[in-house]
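Worksheet for the structure shown next.
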Amino acid sequence: MRWKAQVGYVGYTPKELKNTANTGSSVGIIDGLVYDVTNYIKNGPGIGNPPGQQAPNVDRTFMSDDALNVFQFNSGQDVTTKLNSLNIDQDVLARQKVCLRNLFTIGKLDTRQSVQHFLNKVSSPELLLCTVGANTIYRFTSMLP
């Protein structure tokens, strides 16, 4: 159902995620999607029921504590590698990712201001990029007419 009703994603820049994490939120990036598990961690999972009916007695703690800790202790960062390297069964991890994607996805990582995005857009043959040091990029254009 989530795909039928979806119109698009909200884009979050790395700076926005870092600011959100600095306010105490537990947000993270997995494979380019942005997740927010703050309410689940702070308030616990909730169960809704129709008016006049009693909620079923089910286990509401469906998220692994290890997976939630990855978000808490690495908030605002890409947690893909850390989540994939958890020492839990791969089937359980796959189900955890489905729960995350269905319940906690808030958007996509916006990389339009990143160097990688810039380099992907550059197709001009007269542009030469040189790297100096670790992360410094200088742009030189040719002197040809």
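Structure notes:
- Just so you know, in region 34-60 the residues that are among the polar types (S, T, N, Q) and surrounded by 10 or more Cβ atoms within 10 Å (Cβ to Cβ) include one that is modelled with the highest pLDDT, and it is THR38.
- Checking PHE62, PHE71 one by one, the residue that is under 14 Å from TYR40 (Cα atoms), out of contact with any Cys (no Cβ under 9 Å at 6 or more places or on another chain) and of a type outside the set (D, E, K, R) is PHE71 and no other.
- Residues satisfying the stated conditions in region 8-32, i.e. loosely packed, with under 15 Cβ neighbours inside 10 Å and in contact with a helix residue (DSSP H, G or I) (Cβ under 8 Å, 6 or more places away or on another chain): GLY24, ASP31
- In region 74-104, the qualifying residues are those that are outside any helix (DSSP H, G or I) and without any contact (Cβ under 8 Å) to a residue 12 or more places away in the chain, and the one that is farthest from VAL27 (Cα to Cα) is ASP89.
- Residue count, region 61-80 (criterion: within 18 Å of GLU16 (Cβ to Cβ) and either surrounded by 19 or more Cβ atoms within 10 Å (Cβ to Cβ) or at pLDDT below 85 (or both)): 4
The values are calculated or read from the model by the stated rules, or taken from the named source; none is laboratory data. Owing to the predicted nature of the structure, the values given are computational and were not obtained by experimental measurement. Glycine also receives a Cβ, built like all others from the backbone with ideal geometry; neighbour counts cover every protein chain displayed.
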